[in-house]
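J.: So that we are looking at the same thing, I have put the structure below in structure tokens.
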Amino acid sequence: MNGKILDAINEQIKWELYSSYLYLSMSAWYDSIGLRGFSHWERIQAMEERDHAMKFYDYVLSRGGIIELQAIDAPPSLWESPEKAFEYQYEHEQSVTAKIDNLVELAHEEHDHATYNLLQWFVDEQVEEEENARTILEKLSMASDEMGMNILFMVDKELAARGYHPLVTPDY
């Protein structure tokens, strides 16, 4: 496996696991303020991010690469409000999108077509990740002082309905 690609994917595994850790931290915070639906949504988000890391992990192994797990920084654990937390999440997803875009460019430069092909799934996934965070943020920003709690609880109920669908990866 190309060394530059391998190093970059090992780095991306770290960021996917950090994302999982971040969303688990958000889940805990939402639980602490009584927003169980938000907590549920973030817990599922954390599981999906772990699945993303494992998709890269399995890909590296399938190509004969060596996994080198890197240290993961502690995520924040407190936010001013659900709206601020989703602002943070949206910005984080935009940064992950930039990292995926950089990987796509690297795969293209290195003529690594298999990795380029794998990354197209992540490109599509990041469109969905950003859209989810932005859509929830838009709903939260509609909350006024008068209607704020009603909208917050409406969104909490909506987020509680999210299901988890494990990522099925091919056996390499």
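The values are calculated or read from the model by the stated rules, or taken from the named source; none is laboratory data. All figures in this text were calculated on a predicted structure; none of them were measured in a lab. All Cβ positions, glycine included, derive from the backbone under ideal geometry; neighbour counts span all protein chains shown. Areas reflect the complete protein model, heavy atoms only, side chains present, ligands, DNA and RNA absent. Shrake-Rupley method; radii C 1.70, N 1.55, O 1.52, S 1.80 Å.
J.: Return the carbon/sulfur percentage of the accessible area of the chain, one whole number, probe 1.4 Å, all protein chains in place.
T.: Roughly 53 percent of what the probe reaches on the chain is carbon or sulfur.
J.: Sticking with this one: Within region 1-123, what is the number of lysine pairs with alpha carbons under 16 Å apart, leaving out pairs fewer than eight places apart on the same chain?
T.: For region 1-123, qualifying lysine pairs total 5.
J.: Scanning the chain for GluC sites (Glu not before Pro) in DSSP loops with at most 10 other Cβ atoms within 10 Å, what's the longest stretch left with none?
T.: Details: sites that count: E80, E146.
It runs 1-79.
J.: Ok, one more. Mean 1/r over all different Cα pairs, inverted: what Kirkwood radius does the chain give, in Å?
T.: 17.0
J.: Explain nothing, just compute: Karplus ³J(HN,Hα) = 6.51 cos²θ - 1.76 cosθ + 1.60, θ = phi - 60°, for every residue of region 151-160 in order, whole Hz, x for Gly and Pro.
T.: 5, 4, 6, 5, 5, 4, 5, 4, 5, 5
J.: Report relative contact order for the chain in percent, whole number only (criteria: Cα-Cα under 8 Å, sequence separation at least 6).
T.: Numbers: 180 pairs, mean separation 52.7, N = 172.
Dividing the mean separation by the residue count of the chain yields 31 percent.
J.: Counting only C-alpha contacts under 8 Å and six or more residues apart, can you give the relative contact order of region 13-99 as a whole percent?
T.: Relative contact order here is 38 percent.
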